[in-house]
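J.: Mind having a look at this structure? Questions to follow.
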Amino acid sequence: MMKSISTSLPDIFNVAAHFLEANLVPERRDRVAIYYRDDTYTYAQVHSWVRRMAKFLAELGGERERRIAILLPDTPEFVFAFWGAIWLGMVPVPINTACTLEDVRYILQDCRAQVLVTDRSWLERLGKIESLFLQHVVQIDGDRSLMSLLSQQDESILQGRGYANDWVQTDREEPAFWLYTSGSTGRPKGAIHLHQSMVVCAENYGKELVGLQANDIIYSVAKMPFAYGLGNTLYMPMSVGAAAILSDAANAFDIITDIQTYRPTVLFGIPGIYAGILSLAEIAPLDVSSLRLCLSAAEQLPPTIWSKWRELYGLEICEGIGTTELLHIFLSNRPGACRPGTSGRPVPGYDVRVVDDRGCTALDGEIGALEVAGESLMLGYWNRLSATRSALYGTTMRTGDKYIRDADGYFRFMGRNDDFFKVNGMWVSPFEVEDVLLQHQSILDAAVVPNTEPDGDLTQVIAYVSLKSDFAPSIELERSIRQAVKAQLPPFKVPKSIQFLDALPRTPTGKVHRQALLKI
Amino acid sequence: MTGNRTNNLTVMDAIETILVGLGIPEDTIREDTLIHAHLGLDSVETVKLSLELKRQFDLDLKLGTRKDLTLAEICQMVVAPSPARSA
């Protein structure tokens, strides 16, 4: 019988107040909670800024249960807006700043945000925002900065507004925040998470599996609008009174610099960054002397990278896997018990199974569909009933991944049930890339598949195309096609190689035979 | 002077070839092009560019986004390395 974390929480429960007030104890209040550029914020300061933010939002007219979109890089303002909104009973919706403009506009509409917190550069890009629901735009770097506005707020926010407590009396099972996930059906979907969910992940993964401690300094490559980054940077450090580094790092060089500057003890990375740092060992050597623990998620970590990292830096990388829908990691390798090339074993609190076509647990060593049950499961996708119904039953999620469990209980990724795949931890829809390819004047037919090198390299996008009769394959043509794709899609979706075929293999029903292409 | 200019052109050509190989259109590649602000290279592309500069010119160049560089500045580092670097 698994220990229930959610039922150990009171019914009236506000997760912002829960995390923030736990860190007001004398031994924690003056410890650093956040490192940001040359600034630090202690837990007592974070508590104060969050309450000021809540009051600011209340005075703006922010209403309980309504959404507040946060479109910001990882900054203190992001943190204060997120917790301040939850403190007030509002529902923050972080938006990934790597989203396309089109997706950002869609999310603002779809979540019906009442308030948007963002910065000048995004407002310039967004132009006029079409939304019936948006009432307030808070620009953090306006004529008066948000921090200067907050500095004039007093903290006793909600007294006299009919609330018994300083914070809004939310229920532990009510929506606390949403995270958008790019999924199989084109448009991003809003996964609704509850007040209790962050506590579940922090207890199960952060404390029990990883063993985070109050004296840790935590650095996450994934940014906060990603479920992985939100846990790593925002709530897991807070659950143990550790410090988090907020960074604008955009590539491996920035990360190497950050690690040298802030000297983190824990590195939450992704495979592409571990690979990048390794390949730069001569040009920009990494100082690992502060690190005690390296972790990886978001896509499969090739065993060659695991071994090279271990060889060069003497550290193992604990790989795991999670989903936005389950909020954080549910399968993970444990420190000291890593099995490279696997996603590890179930995180405490999660029931993880490989099932066959009939829904029965598959035998060890047999491939099947991965299903995960746990208390951090989302309520559902906003306004996507059929997607919710097909993803969830009971407390279980069908992840869409194919896995094998070995006799020792380690789970190994074997592919997807659909044709989607991840590059740098971000979903790639082959159909989206194919649509762009087909716009090129030379292309008759196109198929996009992931290519994992035989030596265990990282996943890359490979395109197979057949040409119209008046075109012939050439290096120039390949270059022209790649440039055309790059003009429309972010770099990680652009095919790293384009293979010309006379005709694409097709199944009897006329669909592209992707499995045949994977074997080319 | 003439030697340096020739070198600069050769180096610029080599950088252009690397960037075109990454899928960057030729017409966006100029001496005053900033590699991050204008080309928007992602982490993988930045690493590849850096490794090629190392391979072809033995240049150890850290291409962090917080200090953006123009292609001309990169050429200059290849042609006239700073004393600290060549020491």
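Throughout, read-outs are computed from the coordinates displayed, never taken from laboratory work. What you see is a predicted model; the values in this text were computed from it and never measured. Here the Cβ is made from the backbone with ideal geometry for all residues, glycine too, and neighbour counts use every protein chain on show.
J.: Between B:ARG66 and A:ARG263, what is the label-point separation in nm under the 7 Å Cα-to-beta-carbon projection?
T.: It is 1.7 nm.
J.: Continuing with the same structure: If you wrap a convex hull around the C-alpha atoms of the stretch A:421-518 and split its volume per residue, what is the figure in Å³?
T.: Cα convex hull per residue, to the nearest whole number: 103 Å³.
J.: At a 10 Å Cβ-Cβ cut-off, how would you order A:LYS468, A:LYS189, fewest neighbours first?
T.: In increasing order of surrounding Cβ atoms, one gets A:LYS468, A:LYS189.
J.: Follow-up question, since we're still on this one. Which whole-number percentage describes the relative contact order of chain A, with Cα contacts under 8 Å and a sequence gap of 6 or more?
T.: Normalised by residue count, the contact order of chain A is 11 percent.
J.: With equal scatterers on the alpha carbons only and no solvent term, can you work out the Debye log10 of I(q)/I(0) for the stretch B:2-86 at 0.11, 0.24 1/Å?
T.: Debye intensities relative to I(0), on a log10 scale: -0.26, -1.36.
J.: Report the calculated FRET efficiency for A:SER289 and A:LEU60 (r = Cβ-Cβ distance, R0 = 56 Å), to the nearest 0.05.
T.: Efficiency, rounded to the nearest 0.05: 0.75.
J.: Across bins of 20 angstrom width beginning at 0, how are the C-alpha pair distances of chain A distributed, in whole percent?
T.: 22, 55, 22, 1
J.: Along its principal axes, what span do the Cα atoms of the stretch A:250-370 show, with the longest given first and each in whole Å?
T.: Principal extents (Cα only, largest first): 52, 26, 26 Å.
J.: Taking DSSP loops as anything outside H, G, I, E and B, show the longest stretch in chain A free of chymotrypsin sites (Phe, Trp or Tyr not before Pro) there with at most 14 other beta carbons within 10 Å.
T.: Looking at chain A, A:164-520 is the longest stretch - no exposed chymotrypsin sites (Phe, Trp or Tyr not before Pro) with at most 14 other Cβ atoms within 10 Å.
J.: Using 0.36 nm per residue, how much length does the chain from A:LEU385 to A:GLU173 gain when fully extended, once their Cα-Cα distance is taken away?
T.: 74.4 nm
J.: Here is a further query. Evaluate E = 1/(1 + (r/R0)^6) for B:GLN76 and A:SER4, where r is the Cβ-Cβ distance and R0 equals 45 Å; express this FRET efficiency to the nearest 0.05.
T.: With a Förster radius of 45 Å, E is 0.10.
J.: Give the span of the stretch A:397-469's Cα atoms along each principal axis, as three whole-Å numbers ordered largest to smallest.
T.: 54, 31, 20
J.: Related question: How long are the semi-axes of the ellipsoid equivalent to the stretch A:20-147, from square roots of 5 times the Cα gyration tensor eigenvalues, in whole Å, largest first?
T.: The answer is 27, 16, 12 Å, longest axis first.
J.: Once both labels are modelled 7 Å past Cα along the beta-carbon direction, what's the A:ASP39-A:ASP248 spacing in nm?
T.: It works out to 1.3 nm between the two label points.
J.: Can I ask one more? Which net charge results for the neighbourhood of A:LEU278, defined as the other residues with beta-carbon distances under 10 angstrom from its beta-carbon, given Lys and Arg at +1 and Asp and Glu at -1?
T.: For residues surrounding A:LEU278, the net value is 0.
J.: Cut-off under 29 Å on the C-alpha distance; same-chain residues fewer than 8 positions from A:LYS3 excluded. Which lysines are left, in chain and number order?
T.: Partners found: A:LYS207, A:LYS402.
J.: Can you compute the helix-only [θ] at 222 nm over the protein assembly as shown? Use -39500 (n - 2.57) per DSSP H run of at least 4 residues, normalise by all residues, nearest 500 deg cm²/dmol.
T.: -9000 deg cm²/dmol
J.: Moving to a separate point now. Figure the gain on full extension for A:ILE129 and A:ALA98 (residue separation times 0.36 nm, minus the Cα-Cα span) and round it to one decimal in nm.
T.: Full extension of this stretch gives 9.3 nm more.
J.: Using a Förster distance of 25 angstrom, determine the FRET efficiency expected from the C-beta separation of A:ASP470 and B:ALA14, and round it to 0.05.
T.: That pair, A:ASP470 with B:ALA14, gives E of 0.15.
J.: Continuing with the same structure: Assuming 0.36 nm per residue, please report the length gained on full extension of the stretch A:LYS402 to A:GLN499 beyond their Cα-Cα distance.
T.: 32.2 nm
J.: Treating cross-link reach as a plain straight distance, find the aspartates and glutamates whose alpha-carbon is under 18 Å from the alpha-carbon of A:LYS519, omitting any fewer than eight places away in the same chain.
T.: Of all the aspartates and glutamates, those that pass the test against A:LYS519 - Cα under 18 Å, at least 8 places apart if same chain - are A:ASP418, A:ASP419, A:GLU453, A:ASP455, A:ASP457, A:ASP502.
J.: Another one. Would you kindly state the longest site-free stretch of chain B, with sites defined as trypsin sites (Lys or Arg not before Pro) in a DSSP loop (not H, G, I, E, B) surrounded by at most 13 other Cβ atoms within 10 Å?
T.: The longest such stretch corresponds to B:31-65.
J.: Rank these for me by crowding, A:ARG172, A:ARG144, going from fewest to most other beta carbons within 10 Å.
T.: In increasing order of surrounding Cβ atoms, one gets A:ARG144, A:ARG172.
J.: To continue, here is another question. What spacing in nm lies between the two simple spin-label points modelled at A:ASP357 and A:ASP143, each 7 Å away from Cα in the Cβ direction?
T.: The answer from the label model is 6.8 nm.
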